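One structure, pasted below without further comment.
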Amino acid sequence: MMKKMRNLWIQVVSSYKSLFSLLSFENYLWIKIVVPILQMIFFVLLVKFSNGEADITRWVITNSLMLISISAFYGLSTSFAMDRSMGTLKLVVVSPTNKYWIFLGRSIMYIIDGFISCVFAVIMGFLIFGLHLNMDILLKTMIIVLINTFSVMSLGMLIGILSILTRDIQMITNAAFSILLVLAGVEIPIDRLPTFLSKISYILPMSRSTRAVDVLLSGSSNYNTLLIGELIVGLFYMIVALGVYSYVERASRKNATLDFY
């Protein structure tokens, strides 16, 4: 059992490192730290001066949650696209190893990466804007961040598997990023959206996490139902992602092709 776990961890780390194999350490820091922090600062200041918000704590946290989608969409999905472009996808398909474990294992490092990025952004946001939170609320915020990371990463896995079916993965990732930004309550609270758009937000990851942040900052601790709902949404997208892959694998074996575009 220990040997299997060790092999899984080696695969997880190798898959993650391969995505940045052509980048220098300086470029890695720019992509993973500098650009996301600047993005958070931009949107927080936009909300502050457009809405005249006095307390921007909520916006710092929700925009930090949004940074997880960078690892989920542009990181995890790219790792799947690289399998096809570099010809290693065929090896994954013919491998006797359980494919579900391969894809679930691949997402582990991005979950860790997204969580760390979000926590770092929260800390930097509080330092830059001079905000304060007591330790109890901060710890509860970290729980929200962790659950939100899993949920968004599941959608990222679905997008990554969809990259097997299309050449234009950037169009899908950019669209998913924009939809979450607008409809998941990051910049606009869900209760301020038009009715038909607010209904769409309920099927998106992150929407319940942003509402949980609102509940937490209001002084209430009654957000457990929202977090359970976020977990269910994450599991739903993960099941859909693995189901799509099963279809792609069966069709590719039948038609002797992996290029479904």
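Among the residues of the range 163-170, are any in a helix (DSSP H, G or I), surrounded by 13 or more Cβ atoms within 10 Å (Cβ to Cβ) and at pLDDT 85 or above? Can you show your working first?
Start the filter on the range 163-170 by keeping residues that are in a helix (DSSP H, G or I), which leaves 169-170.
Next, only the ones that are surrounded by 13 or more Cβ atoms within 10 Å (Cβ to Cβ) stay: 169-170.
Restricting the remaining residues to those that are at pLDDT 85 or above gives none.
No, because not a single residue in the range 163-170 is in a helix (DSSP H, G or I), surrounded by 13 or more Cβ atoms within 10 Å (Cβ to Cβ) and at pLDDT 85 or above.
Now for a separate question. Among the residues of the range 143-177, which ones are within 19 Å of Gly219 (Cα to Cα) and in contact with a Cys (Cβ under 9 Å, 6 or more places away or on another chain)?
Taking the range 143-177 first, the residues within 19 Å of Gly219 (Cα to Cα) are 143-145.
The one that is within 19 Å of Gly219 (Cα to Cα) and in contact with a Cys (Cβ under 9 Å, 6 or more places away or on another chain): Val145.
Please give the number of the condition Met135 fails out of (1) surrounded by 16 or more Cβ atoms within 10 Å (Cβ to Cβ); (2) farther than 16 Å from Gly75 by Cα; (3) not polar (S, T, N, Q).
Here Met135 meets the rest and fails (1).
In the list Leu235, Leu217, Leu226, which residue meets the criterion of being surrounded by 14 or more Cβ atoms within 10 Å (Cβ to Cβ) and within 21 Å of the chain's Cα centre (by Cα)? Please lay out each step first, then the result.
Working: Leu235 fails: surrounded by 14 or more Cβ atoms within 10 Å (Cβ to Cβ); Leu217 fails: within 21 Å of the chain's Cα centre (by Cα).
Just a single option satisfies the conditions, and that option is Leu226.
Please state which of the following conditions Phe150 fails to meet, knowing it meets all the rest: (1) surrounded by fewer than 17 Cβ atoms within 10 Å (Cβ to Cβ); (2) under 30 Å from Ala251 (Cβ atoms).
(1)
Can you name the number of the only condition in (1) under 15 Å from the mean Cα position of the chain (by Cα); (2) surrounded by fewer than 14 Cβ atoms within 10 Å (Cβ to Cβ) that Leu197 fails?
Going through (1) under 15 Å from the mean Cα position of the chain (by Cα); (2) surrounded by fewer than 14 Cβ atoms within 10 Å (Cβ to Cβ) one by one, Leu197 breaks only (1).
Just the residues that are within 20 Å of Ile56 (Cα to Cα), of a type in the set (S, T, N, Q) and at pLDDT below 90, please, taken from the range 188-219.
Of the residues in the range 188-219, the ones within 20 Å of Ile56 (Cα to Cα) are 188-193, 206-219.
Now drop any that are not of a type in the set (S, T, N, Q), which leaves 207, 209-210, 218.
Ser218, the sole residue that qualifies.
Given the options Met157, Met142, name the one that is assigned to a helix (DSSP H, G or I), of a type in the set (A, V, I, L, M), over 24 Å from Trp30 (Cβ atoms) and under 12 Å from the mean Cα position of the chain (by Cα). Reasoning before the result, please.
Values: Met142 fails: under 12 Å from the mean Cα position of the chain (by Cα).
When all the criteria are applied, what remains is Met157.
The values are calculated or read from the model by the stated rules, or taken from the named source; none is laboratory data. Nothing here was measured: the structure is a model prediction, and the numbers come from that model. Cβ: placed from backbone, ideal geometry, glycine included. Neighbour counts: every protein chain shown.
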